[in-house]
1. Shape call for the range 87-231 from the C-alpha gyration tensor, a ≥ b ≥ c root eigenvalues: rounded (a/c under 1.5), prolate (a/b greater than b/c) or oblate?
2. How many angstrom separate the Cα center of the range 268-303 from the Cα center of the range 111-182?
3. Residue-wise, which Karplus ³J(HN,Hα) couplings in Hz belong to the range 252-264, taking 6.51 cos²θ - 1.76 cosθ + 1.60, θ = phi - 60°, and x for glycine or proline?
4. In the range 150-224, what chymotrypsin sites (Phe, Trp or Tyr not before Pro) fall in a loop by DSSP, with at most 14 other Cβ atoms inside 10 Å?
5. Taking the Cα atoms of the range 261-326, what is the range of coordinates along each of the three principal axes, in descending order and whole Å?
6. Find how much the distance from ILE312 to ALA46 grows on full extension, using 0.36 nm per residue of separation minus their present alpha carbon separation; answer in nm with one decimal.
7. Which of these values of mean projected area of the Cα convex hull in nm² was calculated from the structure shown: (i) 21.2; (ii) 16.9; (iii) 22.3?
8. Looking at the square roots a ≥ b ≥ c of the eigenvalues of the Cα gyration tensor of the range 166-267, which shape do they give, rounded for a/c under 1.5, prolate if a/b is larger than b/c, or oblate?
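The values are calculated or read from the model by the stated rules, or taken from the named source; none is laboratory data. As the structure is a computational prediction, the values presented were derived from the model and not from experiment. No Cβ is skipped: glycine too gets one built from the backbone with ideal geometry, and neighbour counts run over all protein chains shown. For accessibility, only protein heavy atoms count, side chains too; no ligands or nucleic acids. Shrake-Rupley method; radii C 1.70, N 1.55, O 1.52, S 1.80 Å.
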Amino acid sequence: MTQETVASSTGAGRRKLDFNNLLGLSLVAVLLLMFVALSLLTTTFATPGNISNLARQGAMIAILAVGETFVIITAGIDLSVGSIVGFATVIVSLLIENNVPVWLAIPITLIAGAAIGAFHAFGIVRMGLPPFIMTLATLTALQGAGLLITDGSTINITNDDFTGFSRGSLFGVPNLFWIVIAVAVPGLIYLHFSKFGRYLYAVGSNAEAARLSGINVRSVIYTAYILSALCAAVVGVMLASRTGTGNATQANGWELQAIASSVIGGTSLFGAVGTIWGPLLGAFILATIRNGANLLNVNSFWQFIITGGLIIVIVYFDQLRRRRAR
């Protein structure tokens with residue numbers, strides 16, 4: 001019975017994967033069209049310096065969106081990822097400035113991020129709190145904790161090796177983009193080629209059916225929120241390296257960009273639908289919109305309007321697709 005039920009609950013996800021593959025190709029086409037259009041409209045977009053800058057800009061939101069996607073597939077939400085990023089910059093900068101070796105400061109920061117994710121899952125699974133409320137609470141709490149630790153000030157990082165990493169490149173590709181690959185490849189294997197990834201889809205499709213089929217739903221939820229917070233902590237380290245500072249508020253609003261990137265990439269806010277490549281493409285589409293708008297001297301406020309409009313349109317069509325599937 002277990003195998004049959006799991007196959008039934010994840011079969012829909014397999015069929016929806018074909019839809020996401022088609023959407024992924026469409027997003028690639030959109031991104032290429034944007035590149036061509038901006039290359040024709042501006043003289044600086046296609047320059048190596050701007051492309052490298054674009055890769056760095058999109059890299060952090062892309063990783064944040066990947067982590068968010070794990071949670072959204074389970075029909076949850078993590079509103080705290082931006083605050084985790086800011087809090088992680090405070091932790092890693094404090095450790096480095098107190099002479100903790102970088103090779104040790106980074107793992108400590110990542111462990112702290114994973115612990116925050118486990119705390120989220122504990123509140124959701126054990127205390128019965130809605131994911132929206134649980135992560136909204138830590139969104140504000142982490143900002144407050146970070147400001148208390150720093151007394152409301154910014155910590156300047158004086159370690160040149162750490163801050164220089166974000167400006168470096170390997171084989172002409174920015175180091176920050178290599179981190180995207182380092183996160184995306186294991187995420188792809190986990191979500192699309194392992195039974196644990198299928199469990200995420202099963203829980204997002206019908207948690208009770210997944211439980212009756214023998215899946216440890218609590219464990220799956222713990223895993224999703226830990227992965228989300230861990231990705232946010234990775235981004236926090238990247239941001240601290242790029243800005244050379246630790247500040248609890250410097251990633252304010254990034255949670256909305258992460259959710260937007262995931263949704264634009266085809267992840268359903270209703271759960272059970274999503275890929276790894278979709279959020280990556282969504283993040284770089286948003287980064288390209290921001291970059292192009294700046295080069296064209298378009299009012300930056302239009303970027304928010306465009307992002308909001310994209311979310312409304314995509315969620316609307318997602319609802320239509322769900323109705324037809326029924």
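1. Working: a/c = 3.07, a/b = 1.47, b/c = 2.09.
Oblate, because a/c is 1.5 or more while a/b does not exceed b/c.
2. So the separation of the two Cα centres works out to 21 Å.
3. Residue by residue, the range 252-264 yields 4, x, 5, 4, 5, 5, 5, 5, 4, 4, 5, 5, 4 Hz.
4. Working: sites: PHE162, PHE165, PHE171, PHE177, TRP178, TYR190, PHE193, PHE196, TYR199, TYR201, TYR222; in loops: PHE171.
Of the chymotrypsin sites (Phe, Trp or Tyr not before Pro), the ones in loops of the range 150-224 whose Cβ has at most 14 other Cβ atoms within 10 Å are PHE171.
5. Projected onto the principal axes, the Cα atoms of the range 261-326 cover 46, 21, 12 Å.
6. Numbers: separation 266, 0.36 × 266 = 95.76 nm, distance 3.02 nm.
Gain in length upon complete extension: 92.7 nm.
7. Computed from the coordinates, mean projected area of the Cα convex hull in nm² corresponds to (ii).
8. Values: a/c = 2.59, a/b = 1.89, b/c = 1.37.
It is prolate, given that a/c is not under 1.5 and a/b is the larger ratio.
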